[in-house]
Amino acid sequence: MFIKEKLINIWLLYTKIIYTYPLYIIRKILSITGKVLDIINNRINNAIYDLTVIEPLNLINKKYNEDDKSTIFTFENNFLLDHKNLFSALFAGLILQPEFKKSGKKIMIVSILSEDKTFYIHKNIIIDENTTIYNYLGKIKHGIQTFYESGYPLTTFQILEVKLWDYNILSKIKGKNTNNSIYKLERSFHTSSLNLDNKNLISPLKTPKVVKKNAIATLDLETVKVKNDQIVISISFSYLLEGKIKTIFELIDHNQLLENPDKAVGNLWLNFMNKLNNLKLNKCVIFSHNLGSFDGYFIFKGLLELPDIDLDKVSSIIDDFHRFINIDILFKDSKFIFKDSLRIFPVSLHDLCQIFEVEGKLHPYNPEFNEITLFENKNLLNQFIQYAKQDSISLLRALLKAQHIYIEKHKVDIASIWSTSTLSFKIFRQEFLNINIKTLTNKLDKVIRLAYIGGSTDYYLKYGENLKHYDVNSLYPKAMCNPMPIKFLGITNGSEVKLEDVFGFAEVRITTPNDIDIPILPHKIDNETLHPLGSWIGIYFTEELKAVVKYGYKIELIKVYNFSKTNVFDNYINFFL
């Protein structure tokens, strides 16, 4: 036995010298070489940008927004530039402006407008008067790549808008605890971010015997194009009164729209909000089927610009993609909460009406509705009014039915949640969770997350013929039916236990088999997911380690994070299958 162990150790040392160490050294050399080449490439690019004369985009408008203390620059993409050329020219135009040259940090965001939608190209970034075009491109490269991959070619957009905030002024505003800023919701899920009654536990919720329905209503906006800008011209609001659906329809003053568009839109919102307040629908939840982007921007702007509005009474939450989650306003005697029904039911209004078997749109959208000449054609205007009303009415019909179904079946009011995930989580806690799940400490959470590597996607041949495609459905639900780690039981030295006897997460030394053609265990190096050969140290879920042992992987336990286990989700999954 002693001689056998010695021979195994010699063999392992031999494989490390012959295979593992050379591969590691080669990988390190390639990594260092890559970094050196990146530095050289960056310096060459900087030199090229310094030598290249970039023609700035044409600035067609500039105005200061007193509400959010931003300066709004409107640029024209008159040469239909694309990708880096477009953003280089945009920033070249911005750096000519005195607001940019002013000393100090600034917050910048770029948006584009197309027909019926506004798109934010990249997240808010911080710049100053020393930021170069190349610095700017470096800050936004991931954002614009994501946008291009989403399928929107920027050459189709002629107008770009830049919002610029003075960082110091914005800090002073926040210091006064005002709520009119658009607050960002932390999207990264972390056990410490759960807003629970007991912050250390994810607990079952008591299912109420009776659910009091929140009053819900629906709102739809329609716009027309005026000098390349989309202007709100109608607000359709549907609500329930004594069991019947009623609708308020507010149409903009056409003559005033031609003379002074800003004043016309302001009066439109004021007239609507006064009528809404008179209904006494206090704490009513108003759903819009696209509050996240299109409707939300117009609603938020319209509410902030109401005369004599207390800006502390208007607040909102947005996500990482600058989409509205909700907007709240306390207006005169009433509080109104705007939510996005598209977050709860992520399908088109047409499909939503079909799902809940209610009457939907009476006819498709007519592109002529988006032209200001709409007001000159009475028949077309009447069609437009019926179309606009029907949108809010059909949405309310669908949501009223959905509200009834979810209260009847699951004792959950859709007006009390914000998204599909919050709806499912609430149902899970009320009906299926029967234990308390203790949340992890930040320190332990960071360790466990090292085992979250993500799915494996690889290709080995770029071309093939007569290929077959296989798709496995519902892998997540199937995996959720397995026992889950629940309670942290402590840390054990790996030398004291065997892999088959532990459950949880483990720091291990992995050694791959020499004859494996396609390595299956992932490992992150420099934030890149690889499936390496050789030996390395990492943290993995114990059940994943047990699964690869049969393929010849050698697992040396170093440290084990022990957890109890139980089936948490199987009843939940089986119920909805």
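Computed from the coordinates by the stated procedures, all read-outs in this text should not be read as laboratory data. No experiment lies behind these values; they were computed from the predicted model shown. Every residue, glycine among them, receives a Cβ derived from its backbone with ideal geometry; neighbour counts consider all protein chains shown.
Using the Cβ of H404 as centre and a radius below 15 Å, the other residues enclosed give a net charge of +3, where K and R count +1 and D and E count -1.
All other residues whose Cβ lies under 11 angstrom from that of Q256 are scored, Lys and Arg at +1 and Asp and Glu at -1, for a net of -2. Averaging the Cα positions of each part gives two centres, and for region 487-559 and region 397-445 these lie 35 Å apart.
Other residues lying with their Cβ under 9 Å from the Cβ of I486 contribute a combined charge of +3, Lys and Arg counting +1, Asp and Glu -1. Along region 367-383 the Karplus relation, 6.51 cos²θ - 1.76 cosθ + 1.60 evaluated at θ = phi - 60°, assigns HN-Hα couplings of x, 5, 5, 8, 9, 5, 5, 3, 6, 8, 10, 4, 4, 5, 5, 5, 4 Hz to successive residues, with x for each Gly and Pro. Segment N527..H404, full-extension length gain: 39.6 nm, with 0.36 nm per residue of separation and the alpha-carbon distance subtracted.
Computed extension length for N130-D253: 39.6 nm, one decimal, from 0.36 nm per residue of separation with the Cα-Cα distance subtracted. Tell me, what is the FRET efficiency for D262 and E368 to the nearest 0.05, using R0 = 30 angstrom and their Cβ-Cβ distance as r? It comes to 0.75. Computed over region 433-536, relative contact order equals 26 percent, with contacts defined as Cα pairs under 8 Å that lie 6+ residues apart.
Between A92 and L499, the simple spin-label model (points 7 angstrom out along Cα→Cβ) gives 5.9 nm.
What value does region 200-426 have for Rg/Rh, both radii from Cα atoms and Rh as Kirkwood defines it? With Rg and the Kirkwood Rh in hand, the quotient comes to 0.98. Applying 1/(1 + (r/R0)^6) with r as the Cβ-Cβ distance of K244 and F321 and R0 = 35 angstrom yields a FRET efficiency of 0.40.
3J(HN,Hα) along region 501-514: 9, 10, 9, x, 10, 9, 8, 9, 9, 9, 10, 7, x, 6 Hz, from the Karplus curve 6.51 cos²θ - 1.76 cosθ + 1.60 with θ = phi - 60°, whole Hz, x for Gly and Pro.
In terms of modelled amide H atoms, which long-range or inter-chain residues lie less than 5 Å from the amide H of A215? Residues meeting the criterion, in which the H sits 1.01 Å from N, are V285. The modelled label-to-label distance between I107 and Y452, using points 7 Å beyond Cα along the C-beta direction, is 2.6 nm.
Computed about the Cα centre, the dipole magnitude for region 262-346 is approximately 340 debye when only Lys and Arg (+1) and Asp and Glu (-1) carry charge, each at its Cβ. Qualifying GluC sites (Glu not before Pro) in region 497-554, where qualification requires a DSSP coil assignment and no more than 15 other C-beta atoms within 10 Å, are lacking entirely. Label-to-label distance, D515 versus D471, with points set 7 angstrom from Cα along the beta-carbon direction: 3.7 nm.
In terms of distances greater than 18 angstrom between alpha carbons, the cross-link table entries K69/K141; K487/K550; K139/K446; K213/K280; K487/K554 yield K69/K141; K487/K550; K139/K446; K487/K554. Remark on region 315-456: ratio of C-alpha radius of gyration to 2.2 N^0.38 Å is 1.46.
In terms of other Cβ atoms within 10 Å, S392, S456 run from fewest to most in the order S456, S392.
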